[in-house]
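A short worksheet on the structure shown next.
Read the figures in this text as sums done on the coordinates, not as results from a lab. What you see is a predicted model; the values in this text were computed from it and never measured. Here the Cβ is made from the backbone with ideal geometry for all residues, glycine too, and neighbour counts use every protein chain on show.
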Amino acid sequence: MAKIALKVNGQPRIVDTDPDVPLLYVLRNDLELNGPRFGCGLSQCGACTVIMEGEAVRSCNLPVSAARDRSITTLEGLGSVAHPHPLQKAFLKSKRRSAGSA
Ligand code: FES
């Protein structure tokens, strides 16, 4: 076990965990952020994707120690209801368009 400092969605966080545990498990199990999902576990599907230092990374195969002192953004950190991220706006627009065609 080791204490690992992360910056998640703009907030400093410290987790006490095995440094080899995938970042995905720390985000979901320790920090209760369920935006990143487990899909394939093989870095192929993208369900676990987060943004680390501005780059999209697959968190299912990234040891949490590789994220030490790095800035990580999950879906939860993209925007808010009052100020949605452009990606969230696109999803909402797409959802409304789909609902209108049904
Ligand atoms: S779970 Fe599929 S790429 Fe990570």
task: Could you name the aspartates and glutamates whose alpha carbon sits less than 19 Å from that of K93, not counting residues in the same chain fewer than 8 places away?
output: E76
task: Using R₀ = 41 Å, calculate the FRET efficiency as 1/(1 + (r/R₀)^6) where r is the Cβ-Cβ separation of E32 and R97; round to 0.05.
output: 0.80
message: What is the angle, in °, between the Cα long axis of helix 86-101 and the longest principal axis of the Cα atoms in the chain? Nearest 10 is fine, range 0 to 90.
response: 40
task: Just grab the label-to-label distance for Q11 and C40, each label 7 Å out from Cα along the Cβ direction, in nm (one decimal).
output: 3.2
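Among DSSP beta bridges whose residues both lie in the chain, state the antiparallel percentage, nearest 5. Walk me through the numbers before you get to the answer.
Values: 14 of 16 bridges.
Here the antiparallel bridges make up roughly 90 percent for the chain.
If packing is taken as the mean number of other Cβ atoms within 10 Å per residue, what is the order of 24-34, 40-50, highest first? List each step's numbers first, then the result.
Numbers: 24-34: 17.9, 40-50: 15.6.
Output ranking for 24-34, 40-50: 24-34, 40-50.
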- prompt: So which lysines can K7 reach, going by Cα to Cα under 29 Å and dropping same-chain residues fewer than 8 places off?
  reply: K89
query: Taking neighbour Cβ counts within 10 Å as the exposure measure, how do R13, R68, R58, R97 sort from fewest upward?
result: R97, R68, R13, R58
